[in-house]
Amino acid sequence: MIRSSSVKVRRSAQPLAVRHHTELPPPDEVINSPSLLLRIADRLAPLDEELAREAYLEALGAALSARRNGSRGGPVIVADAARRGPSTKTPPRAVDLLLEGLITRVSEGYRSSVPSLGRALRAFGEAEYTVDDLRWLPLAFRIATDVWDDEGWRRIVDRFAASAPSYRVSLRDARHGTGRHPAERPFGSAAGETSSSDRTAVDRYEEGLIELTSLLVGSDGHRLNDTGIQYGESHIEGVSRFLVEYSQSVVCNGLGCYEYAYSAAQRALTYEDVGLHGWVLCELVEAGARTYREDGAAAALTELSRMTQSSGTDWALGLEARSRALLSEGKASEDLFRESILRLSRTRARVHLARAHLLYGEWLRRENRRVDARQELHSARATFETVGARAFAERSLRELVATGETARKRTVEGRRQLTAQEWQIAHLAGRRLSNAEIAAQLFISPRTVEWHLHKVFAKLGVNSRKQLAAAPQAG
């Protein structure tokens, strides 16, 4: 329980269910059982109002996590019960404010909840933590993500670092069966390192999500079929279904496999996730714009705009401008890309900023402004390589090659070498992309792809995509 430093009440750090029951399921099952936690909260209500509200918050957090695996109705039931529970005392604790904000988020929707969730995040940023309080940190970080509040996130990290510098908090929803998962790093490390380093918690969370994709789909991410990325149960043990679908949409956009990205994002949206719903909408807009699904992309942008306008942060509005630029044309599109880069540069969301540079660079290349495009693409590639986002780094490199950055002069002796565009098409074809998929990624027609492939095959002396994948000039 987060409390004023003047109140010296010691309570056990055990889950509430363990404290008040003797015959219970194993601890992991207890922690993840919203119905059990809700029964405990109801029984605590007439006995201890503060503990009851904490139990309601634990139950609501568990219900939100269960929804990431497809469970329906749980958060609404818990929120209704919590609303009927003990009222908040004056002054309210950070835990009380977080509970009230989440009740509003579940019951009344995103727009109504932003002010109350913002107050909760500010309270967490000003609180003094005890070991017992640390269980609320993952939920608070998740809410900061939901409302795109990197300032609130930074304040929580700094306060947490001052109160418990040696404590490590795990991101339970993203734990991988083989050990500590990269996506845990926003909450990991001695938090003093997080607050003092240029790579802040927001950076690490974004980087962790991108690294999560590599664990889910393999190091190369090329195992695709009609249903998306192939993954075995061993790859997703302990990871929610929502995060699997969201991760697919991210990595497929990075690879330029926009058809798969669109399908994965659509599946992820069915979970109505509190925390990353807006992020999925961004993936859907990008994939929809690249596959000429204007109606689907526009609908996603409308929903995204309702969230970002309610949030009002540079992080939120920067993502909206980036997404809107993809569905605009001419000067309007360029102005929106520039707005996105300006706003995101004021935040700690470096990966989202890099993706804005990448998309702007791609747009400039299509406008035949190759020198300007290279500047944006170099900036994007540098960030992606720093954080280990291989798919996006390779996509940036392919775009740089398409600008002629690394194209060699053609000579009589070097006729067998590929032009920049031929190299790019050969690279994608070697990864078994169809002509239509290559055309969609490079913004050319399938007939043009076929024409270039004939020349590529002749220059390299191959006659199939399988042979092309092994050709050194196409790698």
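What follows draws every value from the coordinates through simple rules; no lab data is involved. The structure displayed is predicted, hence computed values, not measured ones. Methodologically, a virtual Cβ is constructed for each residue, glycine included, from the backbone with ideal geometry; neighbour enumeration extends over all protein chains shown.
If R₀ is 35 angstrom, what is the calculated FRET efficiency for the pair ALA298 and GLU128, using the beta carbon separation as r and rounding to 0.05? The computed FRET efficiency comes out at 0.15. Residues LEU97, LEU51, ranked from the fewest to the most other C-beta atoms within 10 Å, line up as LEU51, LEU97.
The residues VAL274, VAL462, VAL371, when put in order of fewest to most other Cβ atoms within 10 Å, stand as VAL371, VAL462, VAL274.
Fewest to most neighbouring Cβ within 10 Å: what's the order for GLU259, GLU283? Walk me through the intermediate numbers first.
Values: GLU259 19, GLU283 26.
Going from least to most buried by this count: GLU259, GLU283.
In sequence order, the range 86-102 has phi-based couplings of x, 6, 6, 7, 10, x, x, 7, 4, 4, 4, 5, 5, 4, 4, x, 5 Hz under the Karplus curve 6.51 cos²θ - 1.76 cosθ + 1.60, θ = phi - 60°, and Gly or Pro positions carry x.
Per-residue Karplus couplings for the range 447-454, computed as 6.51 cos²θ - 1.76 cosθ + 1.60 with θ equal to phi - 60°, are listed in order as 5, 5, 4, 4, 4, 5, 5, 4 Hz, Gly and Pro entered as x. As a rough guide to protection, the peptides 352-359, 447-454 ranked by mean Cβ packing within 10 Å, highest first, stand as 352-359, 447-454. Packing around the peptides 389-396, 310-317, taken as the average count of other Cβ atoms within 10 Å per residue, puts them in this order, highest first: 389-396, 310-317.
Each of ALA332 and ALA436 was given a label point 7 Å from its Cα along the Cα-to-Cβ line. The distance between the two points is 2.9 nm.
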